[in-house]
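The values are calculated or read from the model by the stated rules, or taken from the named source; none is laboratory data. Nothing here was measured: the structure is a model prediction, and the numbers come from that model. FYI the Cβ positions are ideal-geometry reconstructions off the backbone, even for glycines, and counts take in every protein chain you see.
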Amino acid sequence: MTDVKVIGTGIVPFGKHLERTLVEMGAEAAFLALRDAGLSPSGVDAAFFSNGLASRLFGDQTIGQNVLWEVGIHRIPVVNVENACTSGSTAFYLACNMVTAGQAETVIVVGAEKMCVPEFGLINSGETEIDTQLGMVAPAGFALRAVRHMHEFGTTREQLARVAVKNRRHAAGNPVAQYRDPVSVDEVLESPMIVDPLTRFQCCPIADGAAAVVVAAPGAVRDQARAVRVDAAVLCTGNYENPQDLTKWETDYRGCRTAYEKAGIGPADVSLVECHDAFTISEILHYEALGLCGPGEGGPFVEEGHSSLGGRVPVNPSGGLLSRGHPVGATGVAQIVEVVSQLRGESGSRQVENARVGLAHCMGGDKAGDSKSCTVHIFSR
Amino acid sequence: MNEQSKSTTIQPVNPGTFTVPGDADIPPEVLGGYCRACRKLYYPRPRYCPFCLDAVERREVGGRGTVHSFTVVRTKPPLGLPQPYCVGYVDLDASGLRVFGLLDPDRVEDVELGTRVRLTVRRMGHDGRGEARLRPCFTPDERAEGEES
């Protein structure tokens, strides 16, 4: 793709911010990203704002203009984006395309979500959808995959739990993660059963939060040393063919393969991954789709420490969704913030050594046993 | 509970996605779609065939099958479903289609991968606003292999 670089990032700590509004959190993330990029509001040519739930929870919509007005950004094109869990990473995809198309030189992406409200319940893929009406809640879809993966490949409950244990260990070094205390395999397995075999600590918690990044064309990059190159930005949708193989999303494999092709690299070139560990089983399936290990080998891969900091390819050095929490509209942007931080060498105690290539992966929505959306973005310095 | 509910006042969820047994006591089936031109079966039914864009007609795609995967949802249930409730994917004999659905919450201990199941339609939960609804629900099929109903 035409050169696009990330020149600024900002993130608000994820957690329960009962006293903060969605607009306030989004504006703070935007402010931090602008300051990090050394930009004034007039230096931004276009903006994308992602949010997943405000229309349902608060009756609010077209929020991006409100958020951006708070940081002096107006008049320019502002687009509001909803694409389930990939809302933020889809907004980023659109921003990159806008730069590549020559429609803008500098674009800001802001993702924000406020979802810690009473009686939130469980996320589903849409109230009126067939599966939702038949009891499909998000953890059930993943539990059904875990059951098959355990059956077909011998993946164990302990291996599933190890994803949560590893990500909590990583989160200890991440000041914006919601949960930073270590947990043991036993604690994960003994936490309340949500949907068999997934216990509470294997399901990402909800959170309020916001994140922002600024992308720019090469001519608009001032600080080359801290700029991080976008090597691929890929968005794809499910095929929804029947029957689906529950141990792999074709969408996931196709998205990862396309991104590697666009970036001209392979799995062995990746220094670190931020992936959509909405549930422990998700991360195991994504190892396989990303080609970090073979199909069915995800359980032993985490057990042997290959995805830990210090391992072959650290996955979710931020602590992932399992530790950070999952403010739906902010997550896809927060993953990119982490990858950029790692590639800049600014990640402190959770820094991946010699980080050269980073990958941000996200998936969202469920339809006909398939995923509605998958994004795979590759970055390098 | 009377699983073959004859109630005319209780409406089904997802109208047009399963047959509701009438007085003839014909076993319920999942309703998918069929494209005459492509001779292809679909579930769920798209409005138009993804290959030729012909209209896709409703077609029974089966009421008996095998459990491909299942799980028990133990958290607070949505839509007034029982706590806990059971869901899974069932591979339908008649079409080979893999469909997501509810499994009998009273028979959880009798379900494992490969369990033979048949579709029932029963009063279960509500529409999200408290109004009772009929839902399709697979239950273990005690009938011997190959035996006709």
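When the residues of region B:37-49 are filtered to those that are among the charged types (D, E, K, R) and not in a strand (DSSP E or B), the one that is nearest to the other protein chains (Cβ to nearest Cβ) is B:Arg45.
Among residues of region A:270-294 that are modelled with pLDDT under 95, none has a beta-carbon under 7 Å from a residue that is basic (Lys, Arg) at least six positions away or on a different chain.
Does A:Ala225 satisfy being touching a Lys or Arg at 6+ places or on another chain (Cβ under 9 Å), away from chain B (no Cβ under 14 Å) and under 27 Å from A:Glu19 (Cβ atoms)? For A:Ala225, the condition - touching a Lys or Arg at 6+ places or on another chain (Cβ under 9 Å), away from chain B (no Cβ under 14 Å) and under 27 Å from A:Glu19 (Cβ atoms) - is not met. Every condition in (1) without any contact (Cβ under 8 Å) to a residue 24 or more places away in the chain; (2) away from chain A (no Cβ under 14 Å); (3) touching a strand residue (DSSP E or B) at 6+ places or on another chain (Cβ under 6 Å) is met by B:Cys52 except one, and the failing one is (3). Exactly one residue out of B:Val73, B:Val67, B:Val121 is buried (at least 18 other Cβ atoms within 10 Å of the Cβ) and more than 17 Å from the chain's Cα centre (by Cα), and it is B:Val73.
Checked against (1) within 11 Å of chain A (Cβ to nearest Cβ); (2) surrounded by fewer than 18 Cβ atoms within 10 Å (Cβ to Cβ); (3) among the aliphatic types (A, V, I, L, M), B:Ala94 passes all but a single condition, namely (1).
Yes or no, residue by residue, for (1) aliphatic (A, V, I, L, M); (2) under 30 Å from B:Val90 (Cα atoms); (3) touching a strand residue (DSSP E or B) at 6+ places or on another chain (Cβ under 7 Å):
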{"site": "A:Ala232", "(1), (2), (3)": "yes, no, yes"}
{"site": "A:Ser307", "(1), (2), (3)": "no, no, yes"}
{"site": "A:Val315", "(1), (2), (3)": "yes, no, yes"}
{"site": "A:Ser323", "(1), (2), (3)": "no, no, no"}
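For region A:231-289, residues that are more than 26 Å from B:Leu41 (Cα to Cα), touching a Leu at 6+ places or on another chain (Cβ under 9 Å) and assigned to a loop (DSSP other than H, G, I, E, B) total 6.
A residue that is polar (S, T, N, Q), within 24 Å of B:His126 (Cα to Cα) and within 14 Å of another protein chain (Cβ to nearest Cβ) occurs somewhere in region B:78-88. For region A:51-65, filtering for residues that are under 21 Å from the mean Cα position of the chain (by Cα), in a helix (DSSP H, G or I) and among the hydrophobic types (A, V, I, L, M, F, W, C) leaves 1.
Which members of region A:28-50 meet the condition of being under 23 Å from A:Phe120 (Cβ atoms) and in a helix (DSSP H, G or I)? Matches in region A:28-50: A:Glu28, A:Ala29. Of everything in region A:173-209 that is over 18 Å from A:His17 (Cα atoms) and hydroxyl-bearing (Ser, Thr, Tyr), the residue that is nearest to the other protein chains (Cβ to nearest Cβ) is A:Thr199.
Can you name the number of the only condition in (1) in contact (Cβ under 8 Å) with a residue 24 or more places away in the chain; (2) within 30 Å of A:Ala220 (Cβ to Cβ) that A:Asp131 fails? Going through (1) in contact (Cβ under 8 Å) with a residue 24 or more places away in the chain; (2) within 30 Å of A:Ala220 (Cβ to Cβ) one by one, A:Asp131 breaks only (2).
Which one is nearest to A:Pro314 (Cα to Cα) among residues in region A:336-373 that are under 17 Å from the mean Cα position of the chain (by Cα) and of a type in the set (Asp, Glu)? Only one residue fits best here, namely A:Glu338.
Taken as a whole, the structure leaves A:Arg168 outside the set of residues that are in contact (Cβ under 8 Å) with a residue 12 or more places away in the chain, over 21 Å from A:Phe14 (Cβ atoms) and more than 14 Å from chain B (Cβ to nearest Cβ). Could you list, in sequence order, the residues of region B:60-77 that are touching a strand residue (DSSP E or B) at 6+ places or on another chain (Cβ under 6 Å) and within 9 Å of another protein chain (Cβ to nearest Cβ)? Within region B:60-77, B:His68, B:Ser69, B:Phe70, B:Thr71, B:Val72, B:Val73, B:Arg74, B:Thr75, B:Pro77 meet the criteria. Being of a type outside the set (S, T, N, Q), in a strand (DSSP E or B) and either over 16 Å from A:Ala232 (Cβ atoms) or in contact (Cβ under 8 Å) with a residue 24 or more places away in the chain (or both) narrows it down to one residue among A:Val79, A:Val99; which is it? Only one candidate qualifies: A:Val79.
Within region A:14-36, the set of residues being of a type in the set (A, V, I, L, M, F, W, C) and buried (at least 22 other Cβ atoms within 10 Å of the Cβ) comprises A:Phe14, A:Leu22, A:Met25, A:Ala27, A:Ala29, A:Ala30, A:Ala33, A:Leu34. Candidates are the residues of region A:96-141 that are within 14 Å of another protein chain (Cβ to nearest Cβ) and among the small types (Gly, Ala, Ser); the one that is farthest from A:Ser371 (Cα to Cα) is A:Gly121. For region B:97-128, filtered to residues that are assigned to a loop (DSSP other than H, G, I, E, B) and of a type in the set (Val, Ile, Thr), the residue that is farthest from the other protein chains (Cβ to nearest Cβ) is B:Thr115. Pairing residues of region A:328-346 that are closer than 12 Å to A:His276 by Cα with residues that are assigned to a helix (DSSP H, G or I) and among the basic types (Lys, Arg), at Cβ distances under 7 Å and at least 6 apart in sequence or on separate chains, gives A:Ala334/A:Arg324. Can you find even one residue in region B:21-33 that is at pLDDT below 95 and either buried (at least 18 other Cβ atoms within 10 Å of the Cβ) or assigned to a strand (DSSP E or B) (or both)? Checked region B:21-33: at least one residue is at pLDDT below 95 and either buried (at least 18 other Cβ atoms within 10 Å of the Cβ) or assigned to a strand (DSSP E or B) (or both).
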